[in-house]
Amino acid sequence: MIDFERVFKAYPKGVFALRDVTFHVMRGQFVFLTGHSGAGKSTVLRMIYAGDLPTEGEVRVSGRTTASLRPRDIPKLRRRLGIVFQDFRLLADRTAEENVAFALEVTGARRDLIGPKVARVLAQVGLAAKARALPHELSGGEQQRVAIARALVNDPFVLLADEPTGNLDERATRGVVQLLREINANGTAVLMATHDLDIVRQANFRTIELEAGAIVYDSGVDDAAGEAPTA
Amino acid sequence: MRLALREAIRSFGRTPVLSLLSVTTIAFALFVVGLVMLVGINVRAAIEQVGERVEVVMYLRRGTPLEAATVAMEDILAFPEVADAGYVSEEEALRRARAELEEFQDVFDDLAQNPLPASIEVRLLPAFRDAVHVEEVAQRLRGFRFTEDVRYGRDWIAKLDRLRSIAAAVSFLISAAFVAASIIIIGTTIRLTVLQRSREIAIMRFVGATSGFIRLPFLLEGAFKGAMGGVLALGMSYGAFLVVNRLVLEGRFFAPAEALGFVLAGMLLGLVASAASVGRHLQEV
């Protein structure tokens, strides 16, 4: 489903963001990408949503090489992915439901389908009661849940989460990780970049560790397939 | 399209100060262009007024029968360059001379015989009031067998031609310079709006919005601001025109079609500036 084959990413002045990275993520897997800041976690995620292209090697998403995508194909790819960031990236002047609906509107979804779908995902992330709240009226954890709802609304086959708990307190972190596990249990693959090793230890999912752009550890265990979320 | 329109209106309302600022900037940029164009239109109108006086006079040999002159006039009126032709008899020529040259009344009274010849005065259509066409018409008039002489202000028409060319070139250069300056000003103003919404554009990008989808609200907003700026600039130009008209000299304002063209040009400028700014930004994010 997601394949990295000997991927290198070099920037000018000989700085390497990724060095010879090879790994494969299967449908429905939950994978942690760990490593210090600057290890290359975000670059890996960016390569998946074609925000960046390899200098060498190949990244395939659903069988398609990202380097061969035409500019107009990139939005189509991103509609099949869910992307969540550390800083939530919500539109500040729109309510929770408008933020979620926006991801459907840009795809040209039928208007009569948008409302029910938005309500369903907001309920899924536990925010049905706060659908009309603006981002600044929500806590950090709640804002991240809105961002996750937005990522889910197009029924992605994989959710890419870049340090989704980086701005959250411990309790909110637990809630968000639990939510990601539930999403994964419903069949959506999750690729989560985090430097929080406590989260990684508690979950016991496949873990890929990066250091200076290279994979230094890959547990290679497909623990998530079929695993029920723990409460 | 409906969604794009909603987004454009939302964006306009979300940052009212910036939006008003950009409309005002566009209005002032177009106001300067409008003034330059008004000056150009009025200078051209003044030159055309002078051009009204371009006339070729064909003097007839003494004794040319009126019938022959009438037939000649019909031929002359059929020339494509000719707007009008009028016969001036010998008596009429003398009457005019008496009226125009009052100080020579005594000389006229002493005349035993009218020395002035009959003539045909030929006025040309506006498009042919230049030295080349006037000379062509004069040549043809000389071809009539009863033509005594053909006169027109050769030097004067050449000067008028030069004046026309200079006015056209200066008007074009100044207008082009001001239009270029307004494109830059409008482009910068719209770019501010785009930068102000760069975060939103980035969000649109990663939820899978196409470039066209992202671009459309900006284009609508740019066109709307351009049109608003155009209307405001037109209003300011009219105000300036009224003041000049009252205090300095009488001129003419834009005709309705020109005014509409001015607003449409503002709209187009807004649209193009938006397209360029968003396009550049989309390449960056």
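Quick notes on this one:
- Tallying residues that are within 14 Å of chain A (Cβ to nearest Cβ) and either crowded, with 19+ Cβ neighbours inside 10 Å or touching a residue at least 60 places away in the same chain (Cβ under 8 Å) (or both) within the range B:206-248 yields 11.
- Conditions (1) in the same structural domain as B:ALA233 (by TED's automatic domain parsing); (2) buried (at least 19 other Cβ atoms within 10 Å of the Cβ); (3) within 22 Å of the chain's Cα centre (by Cα): number failed by B:ARG197: (3)
- Of the residues making up the range A:106-118, just one is buried (at least 19 other Cβ atoms within 10 Å of the Cβ), part of a helix (DSSP H, G or I) and within 12 Å of chain B (Cβ to nearest Cβ), namely A:ILE114.
- Only one of A:VAL84, A:VAL31, A:VAL121, A:VAL44 that is within 20 Å of the chain's Cα centre (by Cα), away from every other protein chain (no Cβ under 11 Å) and either small (Gly, Ala, Ser) or in a strand (DSSP E or B) (or both): A:VAL31
- The residues on offer are A:ALA103, A:ALA92, and the sole one that is surrounded by fewer than 16 Cβ atoms within 10 Å (Cβ to Cβ) and within 10 Å of chain B (Cβ to nearest Cβ) is A:ALA92.
- A Cβ distance below 6 Å, combined with a sequence gap of six or more or placement on separate chains, defines the contacts here; from the range B:81-96, residues that are in contact (Cβ under 8 Å) with a residue 12 or more places away in the chain reach residues that are assigned to a helix (DSSP H, G or I) and not hydrophobic (A, V, I, L, M, F, W, C) in the pairs B:GLU81/B:HIS133.
- A single member of B:GLY212, B:GLY226 is over 18 Å from B:LEU20 (Cβ atoms), out of contact with any Pro (no Cβ under 6 Å at 6 or more places or on another chain) and not aliphatic (A, V, I, L, M), and it is B:GLY212.
- Given (1) out of contact with any strand residue (DSSP E or B) (no Cβ under 6 Å at 6 or more places or on another chain); (2) more than 14 Å from chain B (Cβ to nearest Cβ); (3) over 21 Å from A:ASN184 (Cα atoms), number of the condition A:GLY57 does not satisfy: (1)
The values are calculated or read from the model by the stated rules, or taken from the named source; none is laboratory data. The shown structure was predicted, so the numbers you read here are calculated from the model rather than taken from an experiment. Don't worry about glycine lacking a Cβ; one is built from the backbone with ideal geometry, like all the others, and counts go over all protein chains shown.
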